[in-house]
Amino acid sequence: MARVQPNVDTSPKVSDEVRQTTCYMCACRCGINVHMKDGKVAYIEGNKDHPVNQGVLCAKGSAGIMQVNAPSRLRAPMKRVGPRGSGEFEEISWDEALSLATDWLAPVRAEAPQKLAFFTGRDQSQSFTSYWAQAFGTPNYAAHGGFCSVNMAAAGIYTMGGAFWEFGQPDWDHTKLFMLFGVAEDHDSNPIKMGLGKLKARGAKVIGVNPIRSGYNAIADDWVGITPGTDGLFILALIHELMTAGKIDLDYLAHYTNAPVLVNEEDGSPEKGLFLRTTDGAPMVIDRNTGKPMPYDCEGIEPDLSGTLRIAGTTHRSVFQLMIDEYLDPRHAAENVARKVGIPATRIRAIAAELARVAFEEEIELPTPWTDFRGRTQQTMKGRPVSFHAMRGISAHANGFQTCRALHMLQILLGSVEAPGGFRFKPPYPKPAEAHPKPHCGVKPGQPLDGPHLGFVHGPDDLALDADGNPARIDKAFTWENPMSAHGLMHMVISNAHAGDPYKIDTLFMYMANMSWNSSMNTGGVMEMLTDQDENGDYVIPRIIYSDAYSSEMVAFADLILPDTTYLERHDCISLLDRPICEADAAADAIRWPVIEPDRNVKGFQSMLCELGARLDLPGFVNDDGSQKYADYADYITNHQRRPGIGPLAGWRGEAEDGGTGRGAPNPEQLDRYIENGGFWIKHIPEAAKYYKPWSNAYQDWAVETGIYDKPAPYLFQLYVEPMRKFQLAAEGVGERQPPDHLRGRLMRTMSPLPIWYDAAPDNLSASYPITALTQRPMAMYHSWGSQNAWLRQIHGHNPLYVPTKLWEEHKFTDGDWARVTSPHGEITVPVAHMAALNENTIWTWNAIGKRKGAWALDKDAPEATKGFLLNHLIHELLPAKGDGLRWSNSDPITGQAAWFDLKVRLEKVRAPAESQPAYPPQASPVGTGPGELKVKSKA
Amino acid sequence: MTLLPETTEKKLGLVIDLDTCVGCHACVVSCKGWNTENYGAPLSDQDPYGGAPSGTFLNRVHSFEVTPKEGAAQLVHFPKSCLHCEDAPCVTVCPTGASYKRVEDGIVLVNESDCIGCGLCAWACPYGAREMDQAEGVMKKCTLCVDRIYNENLPEEDRQPACVRTCPSGARHFGDLGDPESEVSLLVAERGGMDLMPEQGTKPVNKYLPPRPRDAAIDILAPLLEPVATGPKGFLGWLDKALEKI
């Protein structure tokens, strides 16, 4: 046939308009361009000017259109009409819904505010929701950090005043060796992929430490398929090898860490293990210039790493000497840990040597002079181009806090934190633990709480205990069981509320957390707790209010549903007061705004809280005349001031035309300025302040100008965390506030002020259940949110259990087989698949793909419900009984972080059942199911 | 039987870096979004909320495990879309002339108004790069975003295929592989870019950059870890000397 080439229109109109807002398909908060046609969303792409994603966008982000059109969207407020769990509701008006909520909550506030438990899941407005909860007066508020990565955040902040992801990032432009621990595919999503791309483009080396070689680890130059839960042991071996060889940055340790600080060594002293301090409380060091003890921050001193001081009969030695005693010990040598971590000693030593080589033989220098807080000026910025990143993989273990601490110690010994090529903080970090609030739990009927709920404790006096020493919070955060639980323990709320331990509650109010399904341990048990009735036929948890945009599994368990909008229909602020979107070179914040209006009878959760707060007469939510103070969340974002001149958004405050400094009076046109600027504000850090921020005068001054602090706050990295020692002292009998006897031994063992490793496997009965079972989150799916997404569920519609070659052969599995997986707590029966690039004693699956029938507007035969499954059924919130008459929590004893990844199981081949087990009966769908075909093109 | 042009003025195509691709599917969904809204019929989905959801995608990511004789198994993520072959069998097999290769840039397209949905082209393509849209009954394939790369309604920096613009790790590159001096050609030369299944004789324009060697067993750095002293006492002695030197 002759060639006939048709004319193609190569310049079609793309859209009527582009509206720029912030993505919410995961927690990364990328900037997006929403292309509109005929008033509808037609196409979503990344915003090239946005600091987080610089134009790129992941699969989830591009699939946002299917989230906005999802048939699972809730349509109106609903009141339960069937039994709890059935999913039977009737739609009601907002007035009726908010009147009902007010009728329930007003008496609670007047009589016993703690009987409201308000937990907000994957909330990105925690500075607002916590403000609301504080005004209500309940101590029972937190978001989801306790079951996510609190170990990473808390260990980072206690150790170095910042942590990975939202608080800091590798210096992607200068690093030459990047080591990634326990991050498979996410957190943070696009920035890590962009960073890896930069490293690959210039041939920098990537080492991945993860039992599973997928995602980021698949492209690592070296893969270390470590035994799960032993990362801390491996890291301490690296520290041992590096210290033994003297491959550590002594100048950095002396000047910027508490390694030279003097520690009391007097046996039996109530101050043993505490710092020698001046009368003003400043920790003291020996000055090498004079040999005399001096406050650490004195101008011009040379702190001595090997300082020793004997005064009034008491010997004090530097932290660094304690580290020498601890980490040079041969028990940390590579050959002594190799078997346990599953990595040959030669490989451990090769990795240590590689770190040493790059840090000390490929040192870089930036030609930027800088001056530190002691007045020492250096003509260049010296860089150690070794960087690290880690997230849930190392933190969701019972030894996670200490493991995360060990990793930070490794970074600091190499002198690579805040040095060019290393790890860099993002404003408002660096910020030491002392600069954060302490937890507050002072309750008075009808009154606000006495301060912020969450914070950082610095000793037993800061625990959230009542006058009798009992837990003040329903989740038992900040108690002797988990003293440093900086994010609360959302995963313990339902089981504690059901047990009435430490007390009974009246109303459980939750937002955006699928606690009856993929976000809880012991999922079957939790569903029973939510529906359990007492001898009078009343629900044991009397009232449940839930807010979500979608028909998730949790909806069926609520008495009252307050439907939220989708992310393109709402105002939000990604605030410097909360979880910021800053970059290492800039402070930045962002908004969401309604690029479309909801076509349903729904309200943004935060706008709804403005109204509910006014109905409840909460201080801060009403004017003097009792009228509603903030019409909606946009009004709050614009006009609320946390301190004079400081509000939820830092940009375009006061009269500023150019974006402003970060401080200033509320500006009624602020949101318009954000929209004009693409939905975000950014303020760059000056060149001289870009590195060494915790100690750099230039950065400290810039941070004050920007409103991050009110005065400069330089500090030392805490290799030795003194507050932990205070808990050990209490356990040894020192002080008024004393732990219960059964916790003394554990406190002494685990609250070591220097990082340690302990084995969580025996508590999980690893002798009888020898295989570790893990989950990972796929890059193209976020929690349960993606299940309703017609495009994403074609990529991850079901989740086989991946089995390594050794176990595959041992059990004679073939394709299409099923296995029964048994843990000390329960069993599941699920489809298996072979994967060779996997630790030989580890099995795993994708997180949160499994669905309950009836949820998410999926058909009952959806593969998510028939072949998909959750490991959650195998994990209990308590450890198996040890025979000591006690039941210990399945969490980190320091922070309460849920120890998801300590799960130990057995595996056996079984005949394929009709569907994955356990299978639960369908919930009624309050929104029906979706259409049978999608064939949509917008009208231009 | 449809004729191919004897030569094309340019050979526009993709260079996909398998050393860098993390398998995130960003390209897959961005492609789905753009091409649902643009060239030809929307990319439909059948049973999208049901038991057997399926839909039309012009680009998919496959993942393969490689188990070397020595060392750990590896996972390779392999995005695949039309390779815009110079000798495209999907074009020559087309009975209506609906499939064609453009003279000016070498892009292989389907003129949907002439497509009878016979499926011969999908059968002829050795790469499985064409998908029949079940709603429209026409053959869909990668257009290399022909309606983006020249689109005067887009800012110049955005005139590239949607998959390239969105790729978070920068694993996808777009350009003229007919020009030996183009950035993509230089990248192919530097990194040993490869044809997919060259034995098929299709002369694909798209190239793949192979993964760099992984898990190299190196042990030449041992001297770096020589102990500086024996025991804590010895170490303190070393420390004092080292601190003097600072």
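Taken together, the values in this text are just the output of simple stated rules run on the coordinates, not laboratory data. As the structure is a computational prediction, the values presented were derived from the model and not from experiment. We place every Cβ from the backbone using ideal geometry, glycine too, and count neighbours over all the protein chains shown.
Taking other Cβ within 10 Å of each residue's Cβ, how do A:Val52, A:Val108 sort, fewest first?
With the sparsest Cβ surroundings first, the list reads A:Val108, A:Val52.
Taking R0 as 30 Å, what FRET efficiency do you get between B:Ser54 and B:Ala189 from their Cβ-Cβ distance, rounded to the nearest 0.05?
Efficiency computed from Cβ-Cβ geometry: 0.15.
Please grab the % of Cα pairs in the stretch A:431-511 that end up more than 22 Å from each other. If you can, show how the numbers build up before the last one.
Details: 742 of 3240 pairs.
So the portion of pairs separated by more than 22 Å is 23 percent.
Gap in Å between the Cα centre of the stretch A:571-619 and the Cα centre of the stretch A:235-266?
Using only Cα atoms to place each centre, the spacing works out to 44 Å.
Using the structure shown, select from B:Lys69/B:Lys203; A:Lys205/A:Lys904; A:Lys504/A:Lys860; A:Lys382/B:Lys245; A:Lys205/B:Lys80; A:Lys205/B:Lys241 the pairs with a Cα to Cα distance greater than 25 angstrom.
Where the Cα-Cα span goes over 25 Å, the pairs concerned are B:Lys69/B:Lys203; A:Lys205/A:Lys904; A:Lys504/A:Lys860; A:Lys205/B:Lys80; A:Lys205/B:Lys241.
Given R₀ = 35 Å, what would the calculated FRET efficiency be for A:Arg331 paired with B:Ile246, taking r from the Cβ atoms and rounding to 0.05?
Between A:Arg331 and B:Ile246 the formula returns 0.70.
If N is the number of residues in the stretch A:123-168, what value comes out of its Cα radius of gyration divided by 2.2 N^0.38 Å?
1.32
How high is the relative contact order of chain B, in percent, counting Cα pairs under 8 Å that sit 6 or more residues apart?
27 percent.
Which Cα, out of B:Gly50, B:Gln134, B:Leu18, lies furthest along the positive dipole direction of the stretch B:12-209 (beta carbon charges, K/R +1, D/E -1)?
B:Gly50
Round to the nearest 10 and give me the degree value, 0 to 90, for the angle of helix A:605-615's Cα axis relative to the longest principal axis of chain A.
90 degrees
Provide Rg over Rh for the stretch A:657-739; use the alpha carbon set for both Rg and the Kirkwood Rh (inverse mean inverse pair distance). Don't skip to the end; give the middle numbers.
Details: Rg = 20.7 Å, Rh = 16.7 Å.
The Rg/Rh ratio comes out at 1.24.
What net charge is computed for the residues neighbouring A:Pro445, neighbours being all others with C-beta under 11 Å from the C-beta of A:Pro445, Lys and Arg scored +1, Asp and Glu -1?
In short, +2.
Label points 7 Å out from Cα along the Cβ direction at A:Ser269 and A:Asp16: separation in nm?
Those two pseudo-labels are separated by 7.6 nm.
As a footprinting exposure proxy, order A:Leu649, A:Leu729, A:Leu878 by other Cβ within 10 Å, with the fewest listed first.
Least to most surrounded, the residues fall as A:Leu878, A:Leu729, A:Leu649.
Per DSSP helix of 4 or more residues, -39500 (n - 2.57); summed, then divided by the residues of the protein assembly as shown. What does that give at 222 nm, rounded to the nearest 500?
Working: 31 runs with 277 residues, N = 1186.
One gets -6500 deg cm²/dmol as the mean residue ellipticity at 222 nm.
Share of Cα-Cα pairs in the stretch B:1-141 beyond 27 Å, in percent?
28 percent
So what's the angle, to the nearest 10 degrees on a 0 to 90 scale, between helix A:126-136 and the longest Cα principal axis of chain A?
80 degrees
Determine by what factor the alpha-carbon radius of gyration of the stretch A:255-345 differs from 2.2 N^0.38 Å, reporting the quotient.
1.34
Roughly what angle does helix A:189-201 make with the longest principal axis of chain A, taking Cα atoms, 0 to 90 degrees, to the nearest 10?
For helix A:189-201, the angle is close to 60 degrees.
Sorted from largest to smallest, which semi-axis lengths in Å does the alpha carbon gyration tensor of the stretch A:789-874 give for its equivalent ellipsoid, taking the root of 5 times each eigenvalue?
24, 15, 11
Would you work out if the stretch A:762-910 is rounded, prolate or oblate? Take a ≥ b ≥ c from the square roots of the eigenvalues of the alpha-carbon gyration tensor; rounded if a/c is under 1.5, else prolate when a/b is larger than b/c, oblate otherwise.
Verdict is oblate for the stretch A:762-910.
Give me the log10 of I(q) over I(0) for chain B at q = 0.13, 0.14 Å⁻¹, as the Debye formula computes it from C-alpha points; what are the numbers?
-0.84, -0.95
Average projected area of the Cα convex hull of the stretch A:23-94, in nm²?
7.0 nm²
How large is Rg/Rh for the stretch A:454-550, to two decimals, with Cα atoms and a Kirkwood Rh? Could you put the intermediate results ahead of the total?
Details: Rg = 14.6 Å, Rh = 14.5 Å.
With Rh from the inverse mean 1/r over Cα pairs, Rg/Rh is 1.00.
Any idea what the dipole of the stretch A:13-57 comes to, in debye rounded to 20, about its Cα centre with Lys/Arg Cβ at +1 and Asp/Glu Cβ at -1?
The dipole magnitude comes to about 60 debye.
Please compute the Cα-Cα pair-distance distribution of the stretch A:13-57 with 5 Å bins starting at 0, giving whole percents from short to long.
6, 27, 29, 21, 13, 4, 0
Quick one: Cα centre-to-centre distance for the stretch A:185-214 and the stretch B:168-246, in angstrom?
Value for the Cα centre distance between the two parts: 13 Å.
Work from the charge dipole of chain A (Cβ charges, +1 for Lys and Arg, -1 for Asp and Glu, about the Cα centre) and give the residue of A:Trp900, A:Ala881, A:Gln379 farthest towards its positive end.
Going by the charge dipole, the pick is A:Trp900.
For the stretch A:812-857, what does the alpha-carbon gyration tensor say about shape, rounded, prolate or oblate, given a ≥ b ≥ c as the root eigenvalues, a/c under 1.5 as rounded, and a/b over b/c as prolate? Mind dumping the intermediate values first?
Numbers: a/c = 1.82, a/b = 1.58, b/c = 1.15.
Prolate.
Full-extension gain between A:Thr314 and A:Gln917, please, as 0.36 nm times their residue separation minus the C-alpha to C-alpha distance.
Separation in residues times 0.36 nm, less the Cα-Cα distance, equals 210.7 nm.
Fewest Cβ neighbours within 10 Å first, please rank A:Met779, B:Met194 accordingly.
Sorted ascending by nearby Cβ count, the order is B:Met194, A:Met779.
Can you work out the Karplus-derived ³J(HN,Hα) for every residue in the stretch A:435-448? Use 6.51 cos²θ - 1.76 cosθ + 1.60 with θ = phi - 60°, whole Hz, and x for glycine or proline.
7, 8, x, 8, x, 10, 8, x, 9, 9, x, x, 10, x
Per the Cauchy relation, a quarter of the hull surface: what is the mean projected area of the convex hull of the alpha carbons in the stretch A:839-915, in nm²?
Values: hull surface 32.1 nm².
Over all viewing directions, the stretch A:839-915 projects a mean Cα-hull area of 8.0 nm².
Let me spell out the model: positive unit charges on the Cβ of Lys and Arg, negative unit charges on the Cβ of Asp and Glu, origin at the Cα centre of chain A. What dipole size does that give, in debye rounded to 20?
The calculated dipole for chain A is roughly 1960 debye.
Based on the Cβ-Cβ distance from A:Arg376 to A:Glu687, what FRET efficiency comes out when R0 is 30 Å, to the nearest 0.05?
Computed FRET efficiency for A:Arg376 and A:Glu687 comes out at 0.95.
Just how many % of Cα pairs in the stretch A:315-361 lie over 11 Å apart, if you round to the nearest whole percent? Can you show the working numbers first?
Numbers: 781 of 1081 pairs.
Cα-Cα pairs in the stretch A:315-361 separated by more than 11 Å: 72 percent.
Be a star and scan the stretch A:96-114 for residues whose amide nitrogen sits under 16 Å from the point 7 Å along the Cα-to-Cβ vector of A:Lys504.
Only A:108, A:111-114 pass the distance filter.
Go through A:Gly121, A:Pro439, A:Gly660 and say which Cα lies farthest out towards the positive end of the charge dipole of chain A; charges sit on Cβ, +1 for Lys and Arg, -1 for Asp and Glu.
A:Gly121
From the square roots a ≥ b ≥ c of the eigenvalues of the alpha-carbon gyration tensor of chain A, which class results: rounded (a/c under 1.5), prolate (a/b over b/c), or oblate?
Rounded shape, in that the Cα axes give a/c under 1.5.
Show me, for the stretch A:719-724, the HN-Hα J-couplings you get by feeding each phi into the Karplus relation (A = 6.51, B = -1.76, C = 1.60, θ = phi - 60°), rounded to Hz, glycine and proline as x.
4, 9, 9, 4, x, 5
Any chance you could run the full-extension gain for A:Asn623 through A:Glu96? It's 0.36 nm times the residue separation minus the Cα-Cα distance, nm to one decimal.
Length difference between fully extended and current span is 187.4 nm.
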